[in-house]
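Asks: One structure, pasted below without further comment.
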Amino acid sequence: MAAFRYLTAIFLLGNAVSKGSAFVASPQNKAAIFVSRGSSLSPSTVLSSSPSDEDEKKSKGDGESLGSKARRALLASSAAALTYNAFTVAPALGLLPPGYEKVSPLQFIAALGDPKATSGEGAESWGLWPVDPGPLGLRLRTYERIKAGEISAPSWLNDNDFFLDENAIVMPQPQFPLPPGKYLVTGARTVTTGLTVEPSGKWTLDNAAKLYDVTHLPCRAARYKPNTEGGSPGTVRRSDFPVAPGGVMPEVPGTNKQDYAVIFVVGKQM
């Protein structure tokens, strides 16, 4: 059903291009954005899983025609949607390698290591988001309202140790450490394979897969801790976001940064 919905959305988008409007499905949060003729939404806004504050403020286009934007959105969203469903619908249908059980909802590993490595040490410093942290996160303007005393802060918010995503959303921390075990992981591109995490912190990917192969490039994440200059989510520069797929997360003034690779978990050996 999900695959059918995405194919339908792709068809509607192609139809809409000729009519001056576009309906673009977002594969990460299954949301959709309607773009009408004369709209100035940029492709990065259309394809983002969670719009940044800067995206919402944009009201002027960059001179690129709507047709050009819609065509680029069509190509990107079509590929993303079909790839995403290839790795999420199959587990939902029980199409997993022997020995694995599906993980539902989708889980996310925050990993550290050489992107070219097939194995390594240090998985005790990896984390796990048992649910998508994006929808639980805070936009910067919401954070500002919290600091102004207008609304209450969620229990997970910690100015001394915080995560940002590619759209400057302040996210809940993953659970540390990643539990040892055997995971079925993917970057929702071309590789789905097993990841073994040992109690010692040693990790190994099956089939000579590299860490880069199972990294989901559109999802960017970094951890920030204040240094002596006293940074916080309040010192984030909105103009540095959104971050392009595969890009390095921006520095936040007054903090020390650690980039993480984001890996989808679609199954686990129980």
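The values are calculated or read from the model by the stated rules, or taken from the named source; none is laboratory data. Quick caveat: nothing in here was measured; it's all calculated off a predicted structure. With ideal geometry, Cβ positions are generated from the backbone for all residues, glycine too; neighbour counts draw on all protein chains shown. Remember, those area values only see protein heavy atoms, side chains included, never the ligands or the DNA or RNA. Shrake-Rupley method; radii C 1.70, N 1.55, O 1.52, S 1.80 Å.
Asks: Cβ contacts < 9 Å: first residue open to solvent by less than 50 Å² (accessible area, probe 1.4 Å), restricted to segment 120-139; second residue assigned to a loop (DSSP other than H, G, I, E, B) and of a type in the set (Val, Ile, Thr), any location; separation 6+ or different chain. Result?
Replies: Pro133/Ile169; Gly134/Ile169; Gly137/Ile169; Leu138/Ile169
Asks: Phe162 passes all but one of (1) open to solvent by less than 60 Å² (accessible area, probe 1.4 Å); (2) over 14 Å from Gly134 (Cα atoms); which number fails?
Replies: Phe162 satisfies all of (1) open to solvent by less than 60 Å² (accessible area, probe 1.4 Å); (2) over 14 Å from Gly134 (Cα atoms) except (2).
Asks: Identify the residue in segment 125-152 that is assigned to a helix (DSSP H, G or I) and either in contact with a Cys (Cβ under 6 Å, 6 or more places away or on another chain) or aliphatic (A, V, I, L, M) (or both) and, among all such residues, is nearest to Phe241 (Cα to Cα). Explain how you work it out, then say what you get.
Replies: Narrowing segment 125-152 to residues assigned to a helix (DSSP H, G or I): 125, 134-136, 140-147.
Checking the rest, the ones that are also either in contact with a Cys (Cβ under 6 Å, 6 or more places away or on another chain) or aliphatic (A, V, I, L, M) (or both) come to 136, 140, 146.
Values: Leu136: 19, Leu140: 12, Ile146: 21 Å.
Looking at the filtered set, the residue picked out is Leu140.
Asks: Somewhere in segment 229-237, is a residue without any contact (Cβ under 8 Å) to a residue 24 or more places away in the chain and open to solvent by 10 Å² or more (accessible area, probe 1.4 Å)?
Replies: Of all residues in segment 229-237, those without any contact (Cβ under 8 Å) to a residue 24 or more places away in the chain come to 235, 237.
So of that shortlist, the ones also open to solvent by 10 Å² or more (accessible area, probe 1.4 Å) come out as 235, 237.
So far as segment 229-237 goes, yes, one or more of its residues are without any contact (Cβ under 8 Å) to a residue 24 or more places away in the chain and open to solvent by 10 Å² or more (accessible area, probe 1.4 Å).
Asks: Count, please, the residues in segment 153-199 that happen to be among the polar types (S, T, N, Q), more than 13 Å from the chain's Cα centre (by Cα) and part of a loop (DSSP other than H, G, I, E, B).
Replies: Adding up the residues that qualify gives 5.
Asks: Hey, another quick one. Test of understanding: among Lys210, Lys225, which residue is within 17 Å of Gly113 (Cα to Cα), modelled with pLDDT of 95 or more and open to solvent by 50 Å² or more (accessible area, probe 1.4 Å)? First the steps, then the outcome.
Replies: Details: Lys225 fails: within 17 Å of Gly113 (Cα to Cα).
Answer to the selection: Lys210.
Asks: Quick check on Asn207: is it in a helix (DSSP H, G or I) and either of a type outside the set (Ser, Thr, Tyr) or under 20 Å from Leu106 (Cβ atoms) (or both)? Before the answer, list the steps.
Replies: Details: in a helix (DSSP H, G or I): yes; either of a type outside the set (Ser, Thr, Tyr) or under 20 Å from Leu106 (Cβ atoms) (or both): yes.
Yes; evaluated as a whole, the condition is true for this residue.
Asks: Take Pro245 and decide whether it is more than 14 Å from Met171 (Cα to Cα) and either of a type in the set (Lys, Arg) or open to solvent by 40 Å² or more (accessible area, probe 1.4 Å) (or both).
Replies: The answer is yes for Pro245.
Asks: Another question, then. Failed condition for Ala148, given (1) more than 17 Å from Pro133 (Cα to Cα); (2) open to solvent by less than 30 Å² (accessible area, probe 1.4 Å); (3) among the hydrophobic types (A, V, I, L, M, F, W, C), with all others met?
Replies: (2)
Asks: Would you please list the contacts, defined by Cβ atoms under 8 Å and residues six or more apart or on different chains, that run from a residue in segment 83-110 that is under 27 Å from Phe176 (Cα atoms) and at pLDDT below 55 to a residue that is part of a loop (DSSP other than H, G, I, E, B) and open to solvent by 30 Å² or more (accessible area, probe 1.4 Å)?
Replies: Tyr84/Gln28
Asks: Continuing with the same structure: Collect the residues in segment 165-204 that are open to solvent by less than 20 Å² (accessible area, probe 1.4 Å) and without any contact (Cβ under 8 Å) to a residue 40 or more places away in the chain, keeping them in residue-number order.
Replies: The one that is open to solvent by less than 20 Å² (accessible area, probe 1.4 Å) and without any contact (Cβ under 8 Å) to a residue 40 or more places away in the chain: Thr193.
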